[in-house]
Ligand SMILES: [Zn+2]
Ligand SMILES: [Zn+2]
């Protein structure tokens, strides 16, 4: 089949799938009200916890969006963090459904929220996308890597290249949630491997939730070790520290 025909077929198939999707009665993932095409209805979307002014490097809240003291004193290996939401109710519920209940359709919703958040950030210059890898073990348990599902949509919507091979998590560390914050950096040391030459590249790392940022910091260190000049975290939701 000629390329032209193959492309025409692809486009027809894509339009048919899109039409089928829109024709299905869609219910809001949160309030179950009928929703046109979107997984979260307009009303619920308006109430989602949005981040306020925050440090451009680590995305923790700061007055008028200044770089925080911690990032100034000890710059992390990543250069910027973009987040769409605060990790709080009901975003936590959506991400939980996506991650543990196989609601893969939420990948597209997460990707769109991320791209909307990025649109307001002129400092974003990444040209490559990579998903924060899961250990083989955890991916086998879950059947998919939620970060990779989001990254795929981001790549196709932006036309950015996604790096799929040669980057992996070599150590399944104990779940970070089980550890005190101070222990988490130690817990992820040496957790990632990268065989890809990233010389001169600005890379966006996609993940669903950023908590302490220990995994993202270790991953950024790995990418920079392979030549990346800049690493941006694009994460759907940011956990705020206790009391913060
Ligand atoms: Zn709703
Ligand atoms: Zn900071």
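Key figures
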item	result
Distance (nanometres) between label positions extended 7 Å along Cα→Cβ at residue 229 and residue 105	4.3
Length released on extending from residue 171 to residue 183, taking residue separation times 0.36 nm less the Cα-Cα span	2.7 nm
Debye-sum result for region 50-238 in log10 I(q)/I(0), which assumes one identical scatterer on each alpha carbon, at q = 0.08, 0.11, 0.14, 0.15 Å⁻¹	-0.23, -0.44, -0.75, -0.87
Nearest-0.05 FRET efficiency for residue 36 and residue 125, computed from C-beta distance (R0 41 Å)	0.75
Percent antiparallel among DSSP beta bridges (both partners in region 50-238, rounded to 5)	15
Net length gained if the chain between residue 164 and residue 93 were fully extended (0.36 nm per residue, minus Cα distance)	22.8 nm
Most to least packed among 44-52, 109-117, 140-148 [average Cβ atoms within 10 Å]	109-117, 140-148, 44-52
210, 162 arranged by Cβ crowding within 10 Å, fewest neighbours leading	162, 210
Linear extension gain, residue 43 paired with residue 156, 0.36 nm per residue minus alpha-carbon span	37.9 nm
For 72, 201, 94, order by how many other beta-carbon atoms lie within 10 Å, fewest first	72, 201, 94
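Every number in this text was worked out from the coordinates using simple rules, so none of it is lab data. In this text the structure is predicted, and so the values were computed from the model without any measurement. Positions of Cβ are generated from backbone atoms using ideal geometry, with glycine treated the same way; all protein chains shown enter the neighbour counts.
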